[in-house]
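In what follows, a single structure is set out as structure tokens and then discussed.
The values are calculated or read from the model by the stated rules, or taken from the named source; none is laboratory data. None of the values given here were measured: they were computed from a predicted structure. Cβ placement follows ideal geometry from the backbone for every residue including glycine, while neighbour counts extend to all protein chains displayed. For the accessible areas, the whole protein counts, side chains as well, though only heavy atoms, and no ligand, DNA or RNA atoms are used. Shrake-Rupley method; radii C 1.70, N 1.55, O 1.52, S 1.80 Å.
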Amino acid sequence: MERKKGFAIMSYNTMPERREGPVDPMPNPGSTEEGGGPRRPEGDSPEKGNLLKRMKKVDPKQAERYRQRTGE
Amino acid sequence: MRLFGLETEYGITRDDLAEVDPVVESMELVRAHLTASFERRWDYAGEDPHEDARGFRVSGLAQDKEENEFVERDAHRPFSFHDMKSDLVLPNGARFYNDHTHPEYSTPECRTLKDLLAQDRAGERIVQRAADRRNKTLGGEHVQLYKNNTDFHGHSYGCHDNYLVPRSIPFFRLVAGLLPFLVSRQMITGAGKVGIEAQESGFVPGHFQLSQRADFMETELSVDTMHNRPILNTRDEPHADPRKFRRLHLIIGDANMCEYATALKVGTTRLVLELIERKAVPSLELDQPVAAVKQLSRDSDLKGVVRQKNGSSISGLDIQEQYYRAAVQTFTGLDEETDWVLREWGDTLTLLGQDRRRLIGKLDWVTKLWLLETFMQEERIGWDDPWLASLDLEYHNVHPERGLYLGLEAEGKAWRMTAEADIQRALATGPADTRGGVRGLCVRRFSDQIKSMQWERVRFIGGLLSPTLDMSGLFEPAEVNRCLAIFEAAASPMDALTAWNERKDSRS
């Protein structure tokens with residue numbers, strides 16, 4: 001089934017970078033050494049295409065095999 | 001009174017066995033957290049899911065028959081009920097245990113969203129660390145954990161948000177004020193789901209929903225949580241002085257990967273509860289709330305409307321807008337955190353209506369939909385391809401090198417609101433302004449002298465009547481700070497209790 005409606009399909013490569021985060025920080029009453037507010041996580045960021053590679057590695061049958069017992 | 005927390009049941013798989021025993025796997029996962037042998041400490045007294053907030057006690061729950069069958073089956077296992085539950089209280093005041101065959105992490109009680117987010121993320125790290133240890137024992141990456149709410153075959157497990165509310169608010173007012181809000185909250189807090197399913201039956205591919213839990217909502221009000229699930233759970237288990245408090249136990253929510261979605265889920269719900277307390281909630285009454293939950297979940301264009309009791313129709317966005325406006329009118333300028341919630345709530349509603357691409361990395365369903373559509377374009381597949389449900393599942397994997405959301409976050413495209421230092425601190429200690437912090441401190445300082453623990457109290461070893469720290473009314477931050485200072489400085493639990501009780505006596 002093709003999606004006929006909804007917002008336009010957005011190419012992965014046109015995804016805006018979120019590295020800077022918004023100007024308004026999350027209140028941070030306890031203050032941390034890094035300060036509060038949304039921002040990118042620590043560590044090196046892999047290349048953009050890595051997430052698509054990660055997606056392609058997912059076994060298409062994985063959800064079919066996935067079974068859980070009912071919880072709350 | 002602001003106090004809230006999250007309970008998250010994780011999905012668990014093991015791929016090296018033809019048949020997996022979920023009881024054993026979940027138990028072993030929790031046990032893997034331990035570096036010493038398991039000691040039974042959780043005190044189950046006071047836990048009674050049969051008490052109903054509508055003012056009565058039910059004789060049975062819908063899940064009792066199934067539960068009894070499990071108990072009978074589990075009775076033949078080579079371990080006890082307590083071994084199977086493996087209930088742990090962690091140094092940060094959290095509870096980590098095997099609940100209904102799912103590893104569950106319950107955050108300590110939090111007073112600020114900042115603390116809640118850090119504690120929730122700490123929970124992800126704790127369960128994944130346990131999986132890493134378990135996998136080391138197994139000799140491979142066989143166990144995987146998922147912070148989601150469905151197995152795509154009709155089995156759901158929960159992420160419950162809890163709020164301490166004054167008992168003085170009549171329950172019927174909570175119901176009336178909350179139902180329209182909860183029906184429409186999924187537009188912000190839904191984790192997104194591929195397909196449609198029903199309780200323990202079927203799976204229909206080819207659809208995308210806002211919410212993982214909507215398919216499992218079957219009634220407006222109920223004390224049940226595993227079958228006949230309600231929009232508003234009526235379980236009356238306050239874990240506090242029952243004369244003064246209720247614990248609102250919401251089971252409709254999805255487990256969020258996006259920190260921003262978690263913050264808005266709890267932040268907006270807290271404000272709506274305060275609106276109800278002040279009798280400032282908008283006057284809305286939906287005709288069929290259960291049908292409306294499913295209808296809105298299956299409308300990712302957000303164009304659909306639901307019927308009100310008065311015969312008119314209203315969109316989900318308009319319902320949220322009405323609550324938002326009432327909150328702005330009532331709470332603007334109250335404090336920094338409230339202003340943040342109001343600003344982001346309003347911006348999110350605007351963007352949902354105008355340019356939701358800007359919510360990628362902030363809201364889970366928007367982020368997941370974007371990932372799936374990108375992938376479909378890349379692979380030239382349609383919505384009926386079973387690969388999409390697998391990608392949906394993997395979005396929630398908490399393994400940092402496998403999970404799709406965590407991959408997105410690692411690329412800097414997810415909205416981070418916690419710092420790594422916040423998470424590290426949450427792994428080690430509880431909030432400094434709630435009794436969760438006191439509970440954690442007791443574990444860190446006097447672990448070998450604790451006889452039993454639960455949300456309201458800590459019992460220490462010694463004497464016929466175990467010396468007990470009663471925290472059923474310990475909610476004022478200043479009192480919590482004093483209690484923490486006493487337990488931090490005391491040489492023994494007895495010294496601490498003596499000092500704490502003397503202080504309380506001198507005040508009375």
Quick one: divide the alpha-carbon radius of gyration of segment B:352-504 by 2.2 N^0.38 Å and tell me what you get. 1.60
Just to make sure I understand: if all protein chains stay in place, what is the order of B:ARG57, B:ARG402, B:ARG31 by accessible area at 1.4 Å, largest first? B:ARG57, B:ARG402, B:ARG31
Using only the Cα atoms of segment B:253-393, what semi-axes does the equivalent ellipsoid have when each is the square root of 5 times a gyration tensor eigenvalue? Give whole Å, largest first. 30, 20, 12
Kirkwood Rh, Cα Rg: Rg to Rh for segment B:173-254? 1.03
Where in segment B:283-370 are there GluC sites (Glu not before Pro) that are in a DSSP coil and have at most 16 other Cβ atoms within 10 angstrom of their Cβ? B:GLU285
Reachable lysines from B:LYS451, criterion Cα separation under 25 angstrom, eight or more residues apart if same chain: B:LYS85, B:LYS504
Can you give the direction-averaged projected area of the convex hull of the alpha-carbon atoms in the protein assembly as shown, in nm²? 26.3 nm²
From the helices alone, meaning DSSP H stretches of at least four residues, give me the mean residue ellipticity at 222 nm for chain B, per-run term -39500 (n - 2.57), in deg cm²/dmol to the nearest 500. -13500 deg cm²/dmol
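When the Kirkwood hydrodynamic radius is evaluated over all pairs of different C-alpha atoms of segment B:1-135, what value in angstrom, to one decimal, is obtained?
Here the Kirkwood hydrodynamic radius works out to 16.5 Å.
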Quick check on segment B:434-507: take the gyration tensor over C-alpha atoms, sort the square-rooted eigenvalues as a ≥ b ≥ c, and tell me if it's rounded (a/c under 1.5), prolate or oblate. rounded
Of all C-alpha pairs within segment B:317-403, those more than 18 angstrom apart amount in percent to 59 percent
Can you pull the mean other chain C-beta count within 10 Å for peptide B:416-424? 6
Report the dimensions of segment B:373-440 along its three principal axes from the alpha-carbon atoms, largest first, rounded to Å. 54, 22, 18
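Rounded to two decimals, what is Rg over Rh for segment B:255-322 when you use alpha-carbon atoms and the Kirkwood radius?
On the way: Rg = 13.4 Å, Rh = 13.5 Å.
Radius of gyration relative to Kirkwood radius: 1.00.
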In whole angstrom, how far apart do the alpha carbon centroids of segment B:467-508 and segment B:21-59 sit? 27 Å
Gap separating the Cα centres of segment B:390-465 and segment B:252-322, nearest whole Å: 29 Å
Given N residues in chain B, what is its alpha carbon radius of gyration divided by 2.2 N^0.38 Å? 0.96
Segment B:174-223 to segment A:53-72: how many Å between their Cα centroids? 20 Å
14 Å tail of the calculated P(r), segment B:110-163, as % of Cα pairs: 67 percent
Looking at the square roots a ≥ b ≥ c of the eigenvalues of the Cα gyration tensor of segment B:177-216, which shape do they give, rounded for a/c under 1.5, prolate if a/b is larger than b/c, or oblate? oblate
Report, ordered by chain and residue number, the lysines lying within cross-link reach of B:LYS114, taken as a straight Cα distance under 28 Å and ignoring same-chain residues fewer than 8 apart. B:LYS147, B:LYS193, B:LYS244, B:LYS265, B:LYS279, B:LYS362, B:LYS368, B:LYS413
